[in-house]
Amino acid sequence: MVGGSKQIYLANPVDSRKLYMDFHDKFGLSPLHVRKIDLSVYPLVRDVPLVNATVHEGDALFIPTHWWHQVNSLQQERNVHSP
């Protein structure tokens, strides 16, 4: 992370079915609205263990291949990450 802070949630690919992933037509896409998951429509999501990390300026985070991830900026001002 070059500047700013981000909150990152990771889910193991073994839980892909519980995240309602469709590997056949739209690999990597889910019908879930990650900021407001309707558990009455997607009940399996509640059983997915998440790894939670916060990265700040100068930090690095390795995301393993095929792990699902959601990245949220923690502040309104501009933040930058290194590729």
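The values are calculated or read from the model by the stated rules, or taken from the named source; none is laboratory data. Quantities reported herein were computed from a predicted structural model and do not represent experimental measurements. Cβ atoms come from the backbone with ideal geometry, glycine included; neighbour counts cover every protein chain shown. Heads up: the accessible areas ignore ligands, DNA and RNA and are worked out on the full protein's heavy atoms, side chains in. Shrake-Rupley method; radii C 1.70, N 1.55, O 1.52, S 1.80 Å.
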Residues of region 41-66 that turn out to be β-branched (Val, Ile, Thr), closer than 15 Å to TYR20 by Cβ and either in contact (Cβ under 8 Å) with a residue 12 or more places away in the chain or open to solvent by less than 70 Å² (accessible area, probe 1.4 Å) (or both), as a count: 2
Subset of region 1-18 (residues that are part of a strand (DSSP E or B) and small (Gly, Ala, Ser)): GLY3, SER5, ALA11
Number of the exception - PHE23 against (1) open to solvent by 70 Å² or more (accessible area, probe 1.4 Å); (2) over 25 Å from SER5 (Cβ atoms); (3) at pLDDT 80 or above; (4) in a loop (DSSP other than H, G, I, E, B): (3)
